[in-house]
Amino acid sequence: MKIATSYFYQIRFFKPNMIPISTAMWDPKWFHNFKSNDSTFVDKNGVINGLRSELFMADKQYDCGTDRCQEKGKTPDIPNCKFMAEYYNKLKSTSVEDKIQELERICKEAQNQLGFKEEPIAVLIVFEVVENICSERKMIQKYFEENGIDCKELIYPIKENY
């Protein structure tokens, strides 16, 4: 199984084997077909929407400093950002094996439901676009790479060989 990151807007370009899994505390309403956060649905491209994983969600007590960075007129200081450090510590609090098992379980259920034959790609979804450096995606990618697992950004146009 492959693992990637992307953001909500990109889901419209996914194929059925690209399984979007939200890492956000609050998802866009359309991601759950304007129903509750535990609702899933298959979109017009055959992609399942509405899947989430608590293992990758920030805890409520985290205090993002993005607003303060912007108020000071500075670019976000990722290496010294308290939010990013706390988020990374949360990622490290669960073993990589547990995270892989969770992603494999989610992808296998999606594959069984949708019936696609291609290898599933677990795509961990964040809100921020790639150009926004203040994003959990950097910590997710760092976490997997430090554990010897490739985790790239999946953006449009989707490469056929990903």
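The values are calculated or read from the model by the stated rules, or taken from the named source; none is laboratory data. Values in this document were obtained by computation on a predicted structure and should not be read as measured data. When we count neighbours, we look across all protein chains shown, and the Cβ atoms used for this are built from the backbone with ideal geometry, even at glycine. Surface areas here come from the heavy atoms of the whole protein model, side chains and all, with no ligands, DNA or RNA. Shrake-Rupley method; radii C 1.70, N 1.55, O 1.52, S 1.80 Å.
Things worth noting here:
- Close contacts from the range 2-27, counting a first residue that is aromatic (Phe, Trp, Tyr) and a second that is assigned to a helix (DSSP H, G or I), with Cβ to Cβ under 9 Å and a gap of 6+ residues or different chains, come to Tyr7/Arg137; Phe8/Trp30; Phe8/Phe31.
- Among the residues making up the range 100-137, those that are farther than 14 Å from Gly46 by Cβ and among the basic types (Lys, Arg) are Arg105, Lys108, Arg137.
- Test result for Tyr143, more than 14 Å from Ile21 (Cβ to Cβ), at pLDDT 95 or above and part of a helix (DSSP H, G or I): yes
- Only one entry in Glu97, Glu119, Glu104 is open to solvent by 30 Å² or more (accessible area, probe 1.4 Å), assigned to a helix (DSSP H, G or I) and under 19 Å from Ile48 (Cα atoms), namely Glu104.
- Scanning the range 131-148 for residues that are open to solvent by less than 50 Å² (accessible area, probe 1.4 Å) and among the aliphatic types (A, V, I, L, M) yields a count of 2.
- Only residues that are surrounded by fewer than 18 Cβ atoms within 10 Å (Cβ to Cβ) and under 12 Å from Val47 (Cβ atoms) were counted across the range 4-31, and they come to 3.
- Considering only residues in the range 98-137 that are among the charged types (D, E, K, R) and more than 14 Å from Lys2 (Cα to Cα), the one that is modelled with the lowest pLDDT turns out to be Glu131.
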